[in-house]
Structures are given as structure tokens and as C-alpha cells.
Amino acid sequence: MLPEGDTVIQEGDEVFFIADRKDIRVFMSEMRHIEDPVRRVVIAGGGNIGVRLALALEQTNQVKIIERDAKRARSISEQLNKAIVLVGDSADEELLLEENIDNVDVFCALTNSEEANILSSMLAKRLGAHKVMALINRASYVDLVEAGSIDIAISPQQVTIGSLLAHVRRGDVAKVHSLRRGAAEAIEAIAHGKEGESKVVGRKIEDIDLPKGAAIVTLVRDNQVIIAHHDTVIETDDHVILFLTDRRKIENLEKLFQVGVSFV
């Protein structure tokens, strides 16, 4: 659904929005109860993803990694500065209780086994972890587990799809995010050319021939976020953020941002 001015948000709706980074927390406080800052994080799995996450968080958070392979645990402990590495099974109830899982803000299950990730996340949630995340490769599992006790299911496949789409889309597309397992897309396109040689530059949004199911929601101009209105005029080098609910219309949308001879 592309919301209009009279659209009423209902409980349980999944809302996609664009905001200036500094305004996101304020907006989220209106949409839902504001969450406390994350302090304590437990990561299940000492693979590449788990280690990189620990390195990114250990300077500002209390981080623990649970790795079942003792040799691997010793290796990653040498790569980390502050994070604590524990040898054990992340689905071991006794271990989780010893590590005070009920005081953990976020439990991330990032092993190579999605079944293990699901089970350990469900266990951590039952034992009192405030929020649990699980790495799940099969897209068919994602909606299923998010409907249960797992708060967030992370699908590397969807992240990869977004990166690939940005390369294969025609026109100058900076980023593509696949939404709702590919049901829709959020696209960041760059407006090139001058007025008269571009189908978007120099035009008001209401005068642009957008395909049905597409909406321009935001412009980023010189690092300034501009919420789009019907009379907003697009300028050269603007980064245009669009939502597209019908992927069959993507070719029409791409052509709007091409200047001169198109390429394939």
C-alpha cells in the first residue's frame, strides 16, 4: 500500500519509512514504545559474521561470543580486544543461565546451522533475553519464525539480492533494498542530466510520469534530507528515494533516470 494523507495505520501493520538519521529515534517513539539502548550482547557462533559483529560492537557494548569449537574459540579470542569468548553450546540451557541470559539485551544466533540458530534463539528468549535475532538462510523460514518467539530473522539472501539488484538495474541506481522477501523494493537512484534532456531533472514530482505503484518519498541533496511533496522539483545529482510496490514496473522506472542512449 502506498499511503495517502487519509491512510490510517492499524495495529500490526509493517511500516516502511524514510527519515533523516537524527530524526529516526523520535519517529520510532511515536510508532512504538522506545527501546532502551543496547548494552549487553551475546553472539552464538564464532564464524566470520559473529567475529565481525563482535569487533564492531565490543568498544561500546559488553560482548560475549559462544563458540563450541575450542580451537576456533582460541583463535577468535586473539582477534578481539574486549569481547569475552566462551567455549560451549549456545543451546545449552545451563550455560545460558550461568551467563545471566535474562540480563542480556540482544542474543544473536549466527552459526552456520539455521536449525541451531532457531533453537538457541527460542531458548534464549524463553530464559529471559530481551531481544533475540537468528540468521536464517531459507526465506520460507523467515516469516514463520518472526511470527513466533524470535524477534528478528536475518536473511543473508535478501541482503545479497539487494546488492546484486543495484548492479543490474539500468540507470544510475546507488542502492536497492528488497522488501518483504522481494514483494517490493526501495530504490535510491541518482538524477543526472540537465532540464530538457532528463525525464526527471527540473520537473515537479507531480509532473513526472511515474509507473503505477511507484512513489518518490525523499530526496537527498548535498547531505540534506528533503521529504518529497507534489511540488518538489528534482535537481541534477539529487539522490531520489523511491518505493515500488509492483516489481513488474521496474523497467519503466529505470528509464526515467537514464540520460541519452540507454545501455543494457
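Things worth noting here:
- Gyration tensor verdict on segment 205-264 (Cα atoms; rounded if a/c is under 1.5, prolate if a/b is larger than b/c, oblate otherwise): oblate
- Basic side chains Lys and Arg get +1 at the Cβ, acidic Asp and Glu get -1 at the Cβ, and with that the dipole of segment 1-141 about its Cα centre reaches some 660 debye.
- Taking the fewest neighbouring Cβ atoms within 10 Å as the starting point, the ordered list for Ser198, Ser29, Ser75, Ser120 is Ser29, Ser75, Ser198, Ser120.
- For segment 1-84, a crude dipole built from +1 on the beta carbon of Lys and Arg and -1 on the beta carbon of Asp and Glu, taken about the Cα centre, is about 980 debye to the nearest 20.
- The GluC sites (Glu not before Pro) of segment 1-65 that meet both conditions, a loop assignment by DSSP and at most 13 other Cβ atoms within 10 Å of the site Cβ, are Glu4, Glu11, Glu14, Glu35.
- Sites Thr60 and Val225 - FRET efficiency at Förster radius 41 Å, r taken between beta-carbons, to 0.05: 0.95
- Applying the criteria of a DSSP loop state and at most 10 other Cβ atoms within 10 Å to the trypsin sites (Lys or Arg not before Pro) of segment 17-52 yields Arg32.
Read the figures in this text as sums done on the coordinates, not as results from a lab. Keep in mind that what you see is a predicted model, and the values were worked out from it rather than measured. Counting neighbours? That spans all protein chains shown, and the Cβs are built from the backbone with ideal geometry, glycine included.
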